[in-house]
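Here's the structure we're looking at; comments come further down.
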Amino acid sequence: MLELKNVVKNFGGLQALSGVSVRFAMGEFVGLIGPNGSGKTTLLSCISGLYRPSEGSIQLDGREISRLGPHRIYRCGIGRTFQISKVFARLTVLQNLYIPAMTVAELDRTGMQQRAVEILRALKLDQLAEAPAERLSGGQRKLLEIGMVMMNTPRFLLLDEPFGGVHPVLKNQLEEYLKDLHLSGKSIILVSHEMSSVFRICERLVVLDRGALVTDGPPHEVRADQRVVNAYLGGKHAA
Amino acid sequence: MRRFFLGVLLLLAAALPFIFQGYWLYVAIVGLYYAVLASSWAMLAGQVGIISFAHAAFAAVGAYTSAMLVIYLNFPIPLAMVAGSGAAAVFGLAIGALTLKMRGPYLALTTLAFSEIFRIFLTAEYELTRGSYGLKVPLMLDGNKTWCYYIGLLLLVATVTTLSLVLRSKLGLFLLAMREDEDGAATRGVNTVYYRLCAFVITSACAGLAGGFYAHVIGLVSPRISTISEMGLILAMSVFGGLESLMGSALGALALQSLTEYLRAFEEWRLAIFGGLVLLILKFTPQGLLPRLSELLDTCRQRKSNMLKDEHR
Ligand SMILES: Nc1ncnc2c1ncn2[C@@H]1O[C@H](COP(=O)(O)OP(=O)(O)O)[C@@H](O)[C@H]1O
Ligand SMILES: [Mg+2]
C-alpha cells in the first residue's frame, strides 16, 4: 500500500500541495484528476522522488520513502511516466527500453530482448525499434514511456497524461492495454484530462484542486459531487 | 574509412621516432602526456558534462606518488606508476564524493579550490617534495627517448581504448541517458551520482597514470604540473580537438603541444594565444576541429562521388 500523509510541497512562496493525505491500495486503478495547476504532476513527482516533500510522509508498505532518491524509489517498484515525455531522444527505441531493465538486472540479455519485443508489439511500436526516439511523435513517446516502465515488474504505475497527443485509434488500444495491466495485478494511478477515458476505466477517482484533495470515491459518486463540478468551472470537462 | 584513417594515424605515430629524434621526439613524448590528459578530460566534460578543474592536480597526485614510491621506497617504476594511478583514483573518489552532488558551477569551483590547495601543499611540504624546486626522479628505461615514446604511445592507445570501451558499456549507455535527461534517467533507476562518480574515478586514474609517466620521462616533478595554467592548457587542447571525441581531443593535444614549441618565443603569450584559439573554435566549430575536419572530408567525398555519377550519365 502507498500512503501519503499530509504531503506539502512549496515552490518558493507558492504552495503546490497543501497537505494531501491519500491511500492507494495494491491492485487499484485510480484516476487522479483536477484542473490545470492543481498539483497532480507535483504529487507524482513527490511520490517518485524527483521532488522532496516540504512536509509530510510518503510510505510504501509502511516504509518511509519520501527521503529516498528517485532511482531507489524506482527500485521499490514505483514507475512513472511524464506529462512532457522524458525519453532519451538520441538513443534508439530499443535502447530506451533496455536502460530501465539494465538498472534493475531482473532479466538476462535474451530475457530483456524478448520483453522489449513483446512490449513494442503491444504498444504498436515494433516497426520503430531501431529508430532514434527523437523520430517518434509525441503520442508514440508517451507509449514508449509506458513501455519503459513495463520493462521491469513495477507494482505501482504513475501515469501522467498518457493519452496526451496519442492518436484516437491508439487511444482505445492504450485504454485496453492499461485495463489488461490492471487485471494482471498492477496498481495504476492515472492523471488525465480525458474524462471519458478516466470514467470508463478507473475504479476510483481522487480529485485535486489548488493543491488540496477535494473528493475521493467511486466515479459515479465523484461525478455527482457539486464540489468537483465547481472545481472544473461548471463542469466544462465533465463527461 | 574511419578504420583506415586510424590505421594510418597509428602507423605514422609508430614511425615517428624514425623521422624525428632528439628534441622533437621529446616534444612528442610530452605531447603524449597531454594527449592522455586531454582525452580523459574530454570524456568527463563532453560525455558526462562535468567541468572539473582538478584534472591537472590528479596528474600531479600520480606524478608525486610514483616519484616518491621510487625514491623513498625503491619501488620498480612500472609498479609505482600503477600505484600513482591508483592514488589519483582514490583522490578522485574523495573529491568526487564531495562534489558530484553539486551543480555545474559549484563543482567547478570546488575542484579548482582542491587543485590550488594541493599545489600549495606540494610547495609547502619541503621535506617531502622539495617544494617548488621539485623532486629529481629516476628515469624510466634509462631515459631512452625512443622507448619512452613507445611507452607513451602505448599509454595513450590504452587510455583511448579503455575509455571508448567504457563508453560502449552499460556505464556509457547510462551516461548517455543522463546527458539526454538526468531526471528521466534517475526515475528509471539510474543512480546518477554513482555513475558520475565512476566516470570521475576512471578519468582521474587516467590522469594519475599520465602524471606518473611524465615524472619518469622528464626526470623532475614540481608543483607546476598542478597550476591553473596547466589546467587551462589541457582544457584548450580538449576543446581544440573536440570535446565529444576522445581521439579528437588526443590529437588536439598533440597539435597544440607542437604549436607550443613553435611559440616558444612568445612564452608568456602562449596561453593567451591558446585562449583566443579556444574562443574562435567555440564560436565557429563548437564540436572541435577534428570532427569538423572529418565532416568536411565526408562532404568532399560525397561531392566527388556525385561528380563521378554525373560523368557516367
Ligand atoms: N518546478 C516547479 N517550480 C515552481 N513551481 C512549480 C513547479 N512545478 C509546478 N509548479 C507549480 O505548482 C502548481 C501545480 O503544478 P502541477 O503539479 O504541474 O499541476 P498539474 O499537473 O495539476 O497541472 C502550478 O501552479 C505550477 O506552476
Ligand atoms: Mg500536470
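The residue that is nearest to the chain's Cα centre (by Cα), among those in the range A:74-85 that are within 8 Å of chain B (Cβ to nearest Cβ) and under 19 Å from B:Val193 (Cα atoms), is A:Tyr74. Scanning the range B:244-273 for residues that are in a helix (DSSP H, G or I) and small (Gly, Ala, Ser) returns B:Gly248, B:Ser249, B:Ala250, B:Gly252, B:Ala253, B:Ala255, B:Ser258, B:Ala265, B:Ala272.
When A:Ile189 is tested against the conditions (1) farther than 28 Å from A:Cys46 by Cβ; (2) within 16 Å of ligand 1 (Cβ to nearest atom), the lone failure is (1).
Listed here are the residues, each with its yes/no results for (1) at pLDDT 90 or above; (2) within 14 Å of chain A (Cβ to nearest Cβ); (3) not in a helix (DSSP H, G or I).
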residue: B:Ala185; (1), (2), (3): yes, yes, no
residue: B:Arg188; (1), (2), (3): yes, yes, yes
residue: B:Tyr195; (1), (2), (3): yes, yes, no
residue: B:Val201; (1), (2), (3): yes, no, no
residue: B:Ala207; (1), (2), (3): yes, no, no
residue: B:Tyr214; (1), (2), (3): yes, no, no
residue: B:Arg224; (1), (2), (3): no, no, no
residue: B:Glu230; (1), (2), (3): no, no, no
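Checking the range A:46-58 against the condition returns a match, with at least one residue being closer than 30 Å to A:His220 by Cα, in contact (Cβ under 8 Å) with a residue 12 or more places away in the chain, within 13 Å of another protein chain (Cβ to nearest Cβ) and of a type outside the set (A, V, I, L, M, F, W, C). Inside the range A:186-206, residues that are modelled with pLDDT of 90 or more, more than 14 Å from ligand 2 (Cβ to nearest atom) and over 10 Å from A:Pro219 (Cα atoms) make up a count of 3.
Within the range A:150-162, residues that are within 16 Å of ligand 2 (Cβ to nearest atom) have Cβ atoms under 9 Å from residues that are at pLDDT below 90 and of a type outside the set (A, V, I, L, M) in these pairs: A:Glu161/A:His193; A:Glu161/A:Glu194, counting only partners at least 6 apart in sequence or on another chain. Cβ-Cβ under 7 Å, sequence separation 6+ or interchain: first residue in the range B:163-181 and under 22 Å from B:Ala207 (Cβ atoms), partner assigned to a loop (DSSP other than H, G, I, E, B) and of a type in the set (Gly, Ala, Ser). Which pairs? Within 7 Å, the pairs are B:Arg179/B:Gly49.
Could you run through the range A:130-144 and say how many residues are away from ligand 1 (no atom under 16 Å from the Cβ) and within 23 Å of A:Gly31 (Cα to Cα)? If you could, list the steps in order and put the result at the bottom.
So in the range A:130-144, the residues away from ligand 1 (no atom under 16 Å from the Cβ) come out as A:130-141, A:143-144.
Filter again for within 23 Å of A:Gly31 (Cα to Cα), leaving A:138-141, A:143-144.
Of the residues in the range A:130-144, 6 are away from ligand 1 (no atom under 16 Å from the Cβ) and within 23 Å of A:Gly31 (Cα to Cα).
From the list B:Leu128, B:Leu135, B:Leu153, B:Leu122, exactly one residue is at pLDDT below 95 and surrounded by fewer than 19 Cβ atoms within 10 Å (Cβ to Cβ). Which is it?
Working: B:Leu135 fails: surrounded by fewer than 19 Cβ atoms within 10 Å (Cβ to Cβ); B:Leu153 fails: surrounded by fewer than 19 Cβ atoms within 10 Å (Cβ to Cβ); B:Leu122 fails: surrounded by fewer than 19 Cβ atoms within 10 Å (Cβ to Cβ).
The conditions single out B:Leu128.
Cβ-Cβ contacts under 6 Å between residues 6 or more apart (or on different chains), taken from a first residue in the range A:93-116 that is closer than 19 Å to A:Thr81 by Cβ and within 11 Å of chain B (Cβ to nearest Cβ) to a second residue that is among the charged types (D, E, K, R) and in a helix (DSSP H, G or I), are listed as A:Met102/B:Lys170. Taking the range B:74-118 as the range and being in a loop (DSSP other than H, G, I, E, B), buried (at least 17 other Cβ atoms within 10 Å of the Cβ) and touching a residue at least 60 places away in the same chain (Cβ under 8 Å) as the test, only B:Leu100 passes.
The values are calculated or read from the model by the stated rules, or taken from the named source; none is laboratory data. Nothing here was measured: the structure is a model prediction, and the numbers come from that model. As a convention, Cβ positions derive from the backbone with ideal geometry for all residues, glycine included, and neighbour counts pool all protein chains shown.
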